[in-house]
Amino acid sequence: MSCDPSSSSTPSGPGVSRREFLATSSAAVVAANLDGPPSVAAQPAAKLALEGGTKAVPKACPLGLRWGPPERERLEALLQQENLTYWNGPQTKLMLERFREFCPMKYVQPCSSGTASLHIAVAAAGIGLGDEVITSPITDIGTVIGVIYQQAVPVFADLGAGTYNLDPADVERRITPRTKAIIAVHLCGNPCDLHALKALADKHKLVLIEDSCQAWGAKFRGQPIGTIGHMTCFSLQNTKHVTCGDGGIVGSNDERFGPLLQKFGDKGMDRLKGGGFQAFATNYRMSEPQAAVVAGQLTRLEAIASTRARLGNLLTEKIAGLPGLTPHQVHPEDRCVYWFYFFRMKPEAFRCDRAQFVKALVAEGAPCTAGYIAVPLHREPVFQQHGFFAGRWPVREMGLTTMDFTKHQTPEVEAILKTGIRVTIHERMTEDYIANVAEAIRKVARHYAA
Ligand SMILES: *Cc1c(COP(=O)(O)O)cnc(C)c1O
């Protein structure tokens, strides 16, 4: 099932009003009467939908149900089992087998969330009291929850203006004798510059952890993301490329960290050796029912990842060169899997602000919203007040860090969040649909051009 915009000309189609149908079909007649290919550039400035013109994107494209026979098959098998725990569970085994097909990892530990996978990785890296971990301030807060629970200190670096990923030069500037690790967030499924970050990690003896939660199926220079850093973390939360509602996977090929993942995800127990608690850790286990759903979901991953990569790149192609707009910047040899698409507007290039620009896009039917998270993580009240544990932050009170989040500066990050526009991309969309979205962006950009 996919969203074919041409189906919007069916008056009986769900969700299409008679007025929308008439508007769409009359626009089609007009377009058909033009000579040559229906190039938007050749047309006179079209009237904005906001001002009563025809919508550039006539019909919404919902993601809809993301599960069916592969998940049902796994859940049926699950119901024949007497045991629903993950250890030696057949659903978990199959899930991990399928996981390894796209991310070849010697050690993998399923867990309860992406946040848990990151906490497990940070714990396995030996990060503790007062250690510093450099990461991105534009991410899910789950990236740093584990760092803070380990009584370590997140240090936020600035990001690339077009990639929205860690700027290796700024990361290097923030390295101190206390730095222990870098968490590279592949934001929106766009691979970080892993060569540069790995080189920094090697030079300064840091652990490189990949936060791949938004990057299922992404590739860095042809290699699956996750296989370059020392550990990699995935989320199976509902909004991610594949899901079981909530879940995560952490993996490693490194002999120093890999064997620790199971312990730090499973109350400190070593299930292979037995013999009590080998470490102190919480219960982050995933259960067999979750693994069953994920095993089914993973059969869909390559199609989901390749479709999103193709559609996102197509959008870039179609809006490239528009004055005042910067498309999502992806390295030509990488595969970005667009958890969402993010472009920026140069405020001085338009006669309107971002809110108005987005309002016009939404009126065109384009699935856009202004920005992503409201503020960089370190500007959230809990960071500004250093109040992580019942209003206090022991590591700071003990004098083991001088970190003051009220003084933390990441100027490019602030600009990205103020000028970025988010476009939903998903696997049910078609190239025609994306062409319409691009047309909406061009139409609005032209209308408000300064
Ligand atoms: C979703 C996400 C997380 C956290 O995953 P949960 O499963 O929600 O705990 C961490 N980092 C990034 C970049 C994410 O997108």
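The values are calculated or read from the model by the stated rules, or taken from the named source; none is laboratory data. This is a predicted model, so every value here is computed, not measured. Heads up, the Cβs are rebuilt from the backbone with ideal geometry, glycines too, and the neighbour counts pull from every protein chain shown. Ligands, DNA and RNA are stripped out before the accessible areas are found, and what is left, the full protein with its side chains, is counted by its heavy atoms. Shrake-Rupley method; radii C 1.70, N 1.55, O 1.52, S 1.80 Å.
What the table shows:
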read-out: Test result for Asn253, within 16 Å of the ligand (Cβ to nearest atom), assigned by TED's automatic domain parsing to the domain that holds Pro90 and open to solvent by 10 Å² or more (accessible area, probe 1.4 Å); value: no
read-out: From Gly312, Gly321, residue being farther than 30 Å from Leu84 by Cα, surrounded by fewer than 23 Cβ atoms within 10 Å (Cβ to Cβ) and either in contact with a Ser or Thr (Cβ under 6 Å, 6 or more places away or on another chain) or not aliphatic (A, V, I, L, M) (or both); value: Gly321
read-out: Single residue of Thr369, Thr406, Thr401 found to be over 21 Å from Lys47 (Cβ atoms) and in a strand (DSSP E or B); value: Thr369
read-out: Test: residue in the stretch 172-181 that is open to solvent by less than 10 Å² (accessible area, probe 1.4 Å) and either within 13 Å of the ligand (Cβ to nearest atom) or assigned to a loop (DSSP other than H, G, I, E, B) (or both); value: no
read-out: Residue under evaluation Val337, criteria (1) of a type in the set (A, V, I, L, M, F, W, C); (2) open to solvent by less than 50 Å² (accessible area, probe 1.4 Å); (3) more than 17 Å from the chain's Cα centre (by Cα), criterion not met; value: (3)
read-out: Index of the failed condition, Asp167 passing every other in (1) more than 16 Å from the ligand (Cβ to nearest atom); (2) touching a Leu at 6+ places or on another chain (Cβ under 8 Å); (3) open to solvent by less than 10 Å² (accessible area, probe 1.4 Å); value: (3)
read-out: Those residues of the stretch 295-312 which are basic (Lys, Arg) and either touching a strand residue (DSSP E or B) at 6+ places or on another chain (Cβ under 9 Å) or not in a helix (DSSP H, G or I) (or both), in sequence order; value: Arg300, Arg308
read-out: Exclusive hit being under 19 Å from Gly226 (Cβ atoms), of a type in the set (Asp, Glu), touching a residue at least 40 places away in the same chain (Cβ under 8 Å) and surrounded by 20 or more Cβ atoms within 10 Å (Cβ to Cβ), set Asp131, Asp158, Asp140; value: Asp140
read-out: 2 or more residues closer than 30 Å to Ala169 by Cα and within 15 Å of the ligand (Cβ to nearest atom): qualifying helices (runs of 4 or more DSSP H) within the stretch 82-149; value: 114-124, 142-149
read-out: Number of positions in the stretch 208-243 that are open to solvent by 30 Å² or more (accessible area, probe 1.4 Å) and part of a loop (DSSP other than H, G, I, E, B); value: 6
read-out: Boolean, Leu260 is more than 16 Å from the ligand (Cβ to nearest atom), in contact (Cβ under 8 Å) with a residue 60 or more places away in the chain and either surrounded by 17 or more Cβ atoms within 10 Å (Cβ to Cβ) or part of a loop (DSSP other than H, G, I, E, B) (or both); value: yes
